[in-house]
Protein chains: 4
Amino acid sequence: MKNTFGYSVAVTLFGESHGEYIGAVIDGLAPGIEIDNEYIAHMLTLRRPDGKISTPRKEKDEYRIVSGIVGNTTTGTPLTILIPNENVKSGDYSEMKTLARPSHADYTAECKYHGYQDSRGGGHFSGRITAALVAAGAVCKCALEKKGIYIGTHVKRCACINDRDFDNFKQDIDAVNKKTFAVLDDKCENDMVNAIIEAASEGDSVGGILETAVIGMPEGVGEPWFDSIESMLSHMMFSIPAVKGIEFGKGFAISDMRGSTANDPFRIQDGKAITETNNNGGINGGITNGMPIVFRTAIKPTATIFKALDTINFKDMTDAVLEAKGRHDPAIVHRARIVQDAATAIVLCDALAMRYGTDWLK
Amino acid sequence: MKNTFGYSVAVTLFGESHGEYIGAVIDGLAPGIEIDNEYIAHMLTLRRPDGKISTPRKEKDEYRIVSGIVGNTTTGTPLTILIPNENVKSGDYSEMKTLARPSHADYTAECKYHGYQDSRGGGHFSGRITAALVAAGAVCKCALEKKGIYIGTHVKRCACINDRDFDNFKQDIDAVNKKTFAVLDDKCENDMVNAIIEAASEGDSVGGILETAVIGMPEGVGEPWFDSIESMLSHMMFSIPAVKGIEFGKGFAISDMRGSTANDPFRIQDGKAITETNNNGGINGGITNGMPIVFRTAIKPTATIFKALDTINFKDMTDAVLEAKGRHDPAIVHRARIVQDAATAIVLCDALAMRYGTDWLK
Amino acid sequence: MKNTFGYSVAVTLFGESHGEYIGAVIDGLAPGIEIDNEYIAHMLTLRRPDGKISTPRKEKDEYRIVSGIVGNTTTGTPLTILIPNENVKSGDYSEMKTLARPSHADYTAECKYHGYQDSRGGGHFSGRITAALVAAGAVCKCALEKKGIYIGTHVKRCACINDRDFDNFKQDIDAVNKKTFAVLDDKCENDMVNAIIEAASEGDSVGGILETAVIGMPEGVGEPWFDSIESMLSHMMFSIPAVKGIEFGKGFAISDMRGSTANDPFRIQDGKAITETNNNGGINGGITNGMPIVFRTAIKPTATIFKALDTINFKDMTDAVLEAKGRHDPAIVHRARIVQDAATAIVLCDALAMRYGTDWLK
Amino acid sequence: MKNTFGYSVAVTLFGESHGEYIGAVIDGLAPGIEIDNEYIAHMLTLRRPDGKISTPRKEKDEYRIVSGIVGNTTTGTPLTILIPNENVKSGDYSEMKTLARPSHADYTAECKYHGYQDSRGGGHFSGRITAALVAAGAVCKCALEKKGIYIGTHVKRCACINDRDFDNFKQDIDAVNKKTFAVLDDKCENDMVNAIIEAASEGDSVGGILETAVIGMPEGVGEPWFDSIESMLSHMMFSIPAVKGIEFGKGFAISDMRGSTANDPFRIQDGKAITETNNNGGINGGITNGMPIVFRTAIKPTATIFKALDTINFKDMTDAVLEAKGRHDPAIVHRARIVQDAATAIVLCDALAMRYGTDWLK
């Protein structure tokens, strides 16, 4: 359904980088959920570029909820979030209009939209749109917390520097959710930031790996075939620009293991089923088993860099060279982490409402 | 939609390992597609266990198409494929009924279906159901070939042994589609098979990585946000049992690269846009760019092994030990490759029919 | 989604009049629902032609449930019903293949399927397919009854002869569900049957109006805009061949009333809200209000009649004359009533599962 | 999907009567469609109350398109329309908050949203939301006209006074699309308006019947079972507040006809198939046959009237009496006609894009 995701809780995204508004409509939220504006604002802040290792574009993200609430409480009808675009400098992008930025969507947008696409700042493909996704996801994430479901994402790896794994999940999730640069091991923040700055100083960019954990999910949610929890989460995560891979539990590493070590033995602990290891990332047969859901995404290095690049002019179909100007992030992995949290929250709200009904989240 | 995938071309799966039939309904296929029964039979053969490095369960897979065709030509109305289950030995599974096989869906099925699930042979969660997916996908894959779109999958890695990468795509795709054990470099087949046999001899199992390539896809197919080609393919791939990760193009490796090497420079070649590298796997901004679509999935080692495993009895919620009997594969990666082809074909048929209309595939 | 209806409980239909099987897949049924085969067989019998005022085609409708149950209990995974086609006489239809039967789908099928449609006996457009819909709906209707939700349909009008309205809903629903020719006032059965026989003797056909009542639906089910209960029911009802109109409550008659008489005053009765009249048919703002849901459909006279009809040959696009042979019903309204019951049950199961979760129907 | 309608062209509605904005997102529109703001403004004007036979609420409907266009041309990405609410007098509604207006959604909203609904002015259930539907539909209707597809609706009946039928479709459609009070026979306008004024003077309200015609639809659009054109149109029409019935072609009247007169004989005219009568309203077997699509909806009298009404207080579940104040229409049939046009256009755009692909409407 293109720009709408979900059945029971469905999010519709709209907007362009340099349009009047970007925004999102969340349909199907239970009535009676309290909107915590500080929570939303905090998540938007974490996504926002800080100007040091991010684009100096100033974004205030002063969102407004223009439908679906009375006071600060959801009504159960579509909740619409508007975020005005500010500080827009279209001029910087004029040259690019017919030069395809390599690894961007410029050329594919041309193929799909035949020249009618809004090419200013990436238009509808811009990472800017994720601000609307974050705002919508913040509403969902906050509601999930009231049901005891917690989501957190850290920069597992950036510029080949590794953070440690999740250990005490609740504590680690709480910790990263407070951090601007979300690493579990504070020592690696400096290394990562320096690596980003170094790449930036060379006009280049770096990528990384994001790891998300979810705790508190009831067991028995998800479907055996096409709507496995992995299917729904991956469907959503590949909507996030720059994501080129996703893996659950041990992921690609499990393919090198033998069954005898890969299998997660079940045990009874305090009357509840647990697994001793969690190589399957909390999901068996597409359905939650009550253990933490753990997955990682591969974030590619920012496509726009300040080096001359071979490319084409897609209007006259000739070879060309592109030199980017404007404001661009040398890395987005540290900003994308909050997008991943938000996106995860949306998927889980939908899965839970499908499983337990439309009032469940209340 | 649980067991239905797709909008314009939609596949519905049904059946259990030990039920009367498994099957699939393909709705929305263009009218006038010729069904090539040899093609379907060949793909079903490639999925079938061969008894040497697979379960000795005999499956004839004598499918019947019981609706949606006149003679051998599609009518445009739902095409239904039935595959009878044969050689069923339910007795072997009786012990397991309340013991959760680790890393299987037994426990999560119990949580979701409250004891009503068909637990014989994995029931609806069984890899057996993929035979129906393969048959449905074979119809789609064959139709795509007539439009110049070719799909092939090889065992990129198994038991830590690597196959070579795709090189000449058309040639390599043709080659693997003829092979029972799909590797590009024939030399690694022996090593992989021996590693599987060795694991089997120890009552253990191995996993691997599957790599799929698609050539001939028109550029401009897919959607910027929630229905990116990556979203749709990953949604489908995580429906395949044992898949725990997926990556497009360079995938997780791209997260270690810098933008200057990760970016795929565009060039004009014979009047057509190409990229000099294909680190993005043929997809920019969720939309095809005309280059080969390349992705890899992580296949976990078969969960059922012949070693005593710690687990629980989920009826009385006590710790237990499980020793598997019956017929099980020491590896499924070499069988899953054809499932991945089939699943890919279904996704692409849907995406193309959404883009170009319901007659396009004719 | 063409041949699939529903989100949480979804039914997929397949088959052709003269194919091997017709059938349906019900996905999303709660686990633990007991299948009452007598109930299903009874509903199939009510749909079946009796040879007196219906086509003499013999249909045994020996359905089989080939997936989704263990014993007689649903597992929660897709339940597939197969009904073999018997007593097929394709020869009778050979002449019609390029002559469009007026008011049938022959010409529109040609436009859509370009000559590839199965034209034998109406193919996928045949009323025969409703047998699968009835079987699927029977499973749903039986499950709803165990939750106190009862559905019944009577022939409100046939050949311009009127049956009385529903009065004591529970009693009337019980009564019609036992009758082969479903009228509330037994006296009008003879008149209607005679009118049908008379039309048949002249090679002609008659239509009628079906009225359905549903009692026991919880209040608060349905959505304000696009998924109003009326929207979902009408979407489904227009899938039934020959339905050309639907109205809820007073329907078209309410458009002649004034607000002061059309409005349904609320009252409290035994602590529960009721309305003194039910001109809105149990639905306000698209959402159930706890009163009986009442709606009527207009069933057109059977299109195939035994008179020479002006038509076209759509192969060579010339005028032609068609004289129908074969087996055809002079009326289908008395058979369609059970299709309407079944179709209603499917819609309500989906709406209830969306509202209360996937376990609700158990 | 609640507040989203459509697969390939999908419209999402949001907003409340007294919220900040109402609006709509249209996703999936072809790129390159020119937006005709006069066209949209004209349609919004036709929906707007005129103060004489409508509520004196002033609505300027100064919509803004805030995404999905560059200049006045669609980009192919989500087009978002915002309409600010003005002239809001919430005070008038305060008394009603726990008194259920009979035949309104107040009580059912309470059942569904548990007291969290926005009850000011009907909230999300308000007819006000149709302004957003009209704006979205205006974009679609204008685009269809450029493809030769024309839609028009007239007040077929109001307060028991009949307008004439469509005769010369193109001429009649053009005529009604210019009229504020859409009747084909100008003589009946006065009678209808006087009847409305008379009812209003008694504090009462009237209903009516709307008839819509569509010409220029290609043949072969729609699906045999669940996505018949009738199913999709009726699904949408029952989303319009006050619609309680819909019929296609001869509709309920066809149920009194015999097959020999109901059947529409095909003929070849100028090399094209036509039918001599159009009792089936341009649709056979759920699929367009190229003849005009004709359908009628039953519009109930406005529920809010200025007479004391028996009702309940749903907070304390007691009997009560309600006397409405505020601004209300004594009839809405003459305003709903343009909503019906808009809604029809949305459905057809989706059906056409599904059939012919996403570029078709360009």
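Just need a number here: residues in the stretch D:8-30 that are surrounded by fewer than 24 Cβ atoms within 10 Å (Cβ to Cβ) and facing chain A (nearest Cβ under 7 Å). Adding up the residues that qualify gives 2.
From the list B:Lys141, B:Lys112, B:Lys146, B:Lys97, exactly one residue is under 30 Å from A:Ile274 (Cβ atoms) and at pLDDT 95 or above. Which is it?
Within the list B:Lys141, B:Lys112, B:Lys146, B:Lys97, the selection yields B:Lys112.
One residue stands out among those in the stretch C:251-262 that are within 7 Å of chain D (Cβ to nearest Cβ) and open to solvent by 10 Å² or more (accessible area, probe 1.4 Å): the one that is nearest to C:Ala303 (Cα to Cα), which is C:Phe252. Only a single criterion out of (1) outside any loop (DSSP other than H, G, I, E, B); (2) within 14 Å of chain C (Cβ to nearest Cβ) is not satisfied by A:Ala336, namely (2). In summary, B:Trp360 fulfils each of the numbered conditions (1) open to solvent by 20 Å² or more (accessible area, probe 1.4 Å); (2) touching a strand residue (DSSP E or B) at 6+ places or on another chain (Cβ under 9 Å) with the single exception of condition (2). Within the stretch C:317-331, residues that are closer than 15 Å to D:Ile268 by Cα and hydroxyl-bearing (Ser, Thr, Tyr) sit with their Cβ atoms under 8 Å from residues that are at pLDDT 90 or above and part of a strand (DSSP E or B), at 6+ positions apart or across chains, in these pairs: C:Thr318/C:Ile312; C:Thr318/D:Ile268.
The condition of being closer than 20 Å to A:Phe125 by Cα, of a type in the set (S, T, N, Q) and at the interface with chain A (Cβ under 7 Å from one of its Cβ atoms) holds for only one of B:Ser239, B:Ser231, that being B:Ser231.
Does the stretch B:39-58 contain any residue that is assigned to a strand (DSSP E or B), more than 9 Å from chain C (Cβ to nearest Cβ) and either within 14 Å of B:Thr80 (Cβ to Cβ) or at pLDDT 95 or above (or both)?
So in the stretch B:39-58, the residues assigned to a strand (DSSP E or B) come out as none.
The answer is no; no qualifying residue exists.
With the stretch B:202-274 as the region, which strands (runs of 3 or more DSSP E) entirely inside it contain at least 3 residues that are in contact (Cβ under 8 Å) with a residue 12 or more places away in the chain? By residue number, B:208-215, B:243-248.
Considering only residues of the stretch A:296-309 that are outside any loop (DSSP other than H, G, I, E, B) and at pLDDT 95 or above, which is nearest to A:Glu211 (Cα to Cα)? Explain how you work it out, then say what you get.
Step one: of the stretch A:296-309, the residues outside any loop (DSSP other than H, G, I, E, B) are A:296-299, A:309.
The next check asks that each one be at pLDDT 95 or above; those that pass are A:296-299.
On the way: A:Arg296: 4, A:Thr297: 7, A:Ala298: 9, A:Ile299: 11 Å.
Out of the qualifying residues, it is A:Arg296.
Looking at A:Ala351, is it under 24 Å from A:Phe125 (Cα atoms) and touching a residue at least 24 places away in the same chain (Cβ under 8 Å)? It is false that A:Ala351 is under 24 Å from A:Phe125 (Cα atoms) and touching a residue at least 24 places away in the same chain (Cβ under 8 Å).
In the set (1) among the basic types (Lys, Arg); (2) open to solvent by 20 Å² or more (accessible area, probe 1.4 Å); (3) in contact with a strand residue (DSSP E or B) (Cβ under 9 Å, 6 or more places away or on another chain), the condition left unmet by A:Lys141 is number (2). Within the stretch D:291-313, the set of residues being surrounded by fewer than 22 Cβ atoms within 10 Å (Cβ to Cβ) and farther than 22 Å from D:Lys178 by Cβ comprises D:Phe306, D:Lys307, D:Ala308, D:Asp310, D:Asn313. The residues of the stretch C:105-125 that are surrounded by fewer than 24 Cβ atoms within 10 Å (Cβ to Cβ) and either facing another protein chain (nearest Cβ under 7 Å) or under 24 Å from the mean Cα position of the chain (by Cα) (or both), listed by number, are C:Cys111, C:His114, C:Tyr116, C:Arg120, C:Gly121. Restricting B:Ile149, B:Ile161, B:Ile197 to those that are among the hydrophobic types (A, V, I, L, M, F, W, C) and open to solvent by less than 30 Å² (accessible area, probe 1.4 Å) reduces the list to B:Ile149.
Looking across the stretch C:263-283, just one residue is of a type in the set (A, V, I, L, M, F, W, C), open to solvent by less than 10 Å² (accessible area, probe 1.4 Å) and more than 7 Å from chain D (Cβ to nearest Cβ), and that is C:Ile283.
The values are calculated or read from the model by the stated rules, or taken from the named source; none is laboratory data. Remember, predicted model here, so these are calculated numbers, not experimental data. Backbone-built Cβ (ideal geometry, glycine too); neighbour counts: all protein chains shown. The protein model used for the area step is the full one, side chains on, heavy atoms only, and it has no ligands, DNA or RNA in it. Shrake-Rupley method; radii C 1.70, N 1.55, O 1.52, S 1.80 Å.
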